[in-house]
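I have placed the structure first, in the form of structure tokens, so that the comments after it can refer back to it.
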Amino acid sequence: MDTLIKTLRANKPEGKPSETRPSETKLAAERPAELDPSEFLAAAVRPDRPRPSRAEAEAAVYTLLNYIGEDPTREGLIDTPRRVVEAYDELFQGYHQCPAEVLDRTFGETAGYDDFVLIRDIEFTSQCEHHMMPFYGRAHIAYTPVERVVGLSKLARLTDIFARRLQTQEHLTAQIAAAIDEVLKPRGVAVMIEAEHTCMSVRGVAKHGAVTFTSRFTGMFRDNPAEQSRFLSMVRSPQR
Ligand SMILES: [Zn+2]
């Protein structure tokens, strides 16, 4: 079995340039070392931003059909451009949703609870930004609340919002952690994602079953290896 394991650390070692730059001026070119908060806190698409019309989007699909050698006017394909654009509306609805809003409704009481909360096996499907092909798998998210506790379904919703955009797995992992960090201000966040990339399993090297792992740790999870390994062993424990 081919298993590709990639572990990404949340922060660069001390003294790296990415840590000394003023965070206010971060921009997309420097992702994902540091993320622009507008990426993980706001809807990605402003309502006033000009976009191509639906007819233009369908025409683009028509062109692609022609490009691959198809006859877009044959019966089976007549409605395909419309269906593809509708599918895109669904697969990419995360651009219109606001991650911070999902986390905003919190409960103010931890009732003395001082351990981390772990939600395991959140299934998701996303689309890779390099090939616009699906990658899918499971996210595992833990955070240690200080004051603000969020409804458990909200972390699944948060994962979906980011997953329903063009992504790299590294980015998806980092954005989920950053949003929880920023909005809930917990003592720490741990996010691990395991996923299979169809751009790798059905094209390119065509390796089925290869799983890519990414992780991101902040706060106490970053600083305390014991907490990190406790998180990892709970994620990997066989009681599924
Ligand atoms: Zn890809």
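Report yes if some residue within the range 147-154 is within 13 Å of residue 214 (Cβ to Cβ) and in contact (Cβ under 8 Å) with a residue 12 or more places away in the chain; otherwise report no. Scanning the range 147-154 turns up no residue that is within 13 Å of residue 214 (Cβ to Cβ) and in contact (Cβ under 8 Å) with a residue 12 or more places away in the chain.
Determine, yes or no, whether residue 155 is away from the ligand (no atom under 16 Å from the Cβ) and closer than 19 Å to residue 232 by Cα. Yes; evaluated as a whole, the condition is true for this residue.
Residue pairs whose Cβ atoms lie under 6 Å apart, sitting 6 or more positions apart in sequence or on different chains, and linking a residue in the range 87-110 that is under 19 Å from residue 49 (Cβ atoms) to a partner that is in a loop (DSSP other than H, G, I, E, B) and at pLDDT below 90, are 95/44; 95/45; 96/43; 96/45; 97/43; 98/42; 98/43.
The values are calculated or read from the model by the stated rules, or taken from the named source; none is laboratory data. From a predicted model like this one, the values you see are computed outputs, not experimental measurements. When we count neighbours, we look across all protein chains shown, and the Cβ atoms used for this are built from the backbone with ideal geometry, even at glycine.
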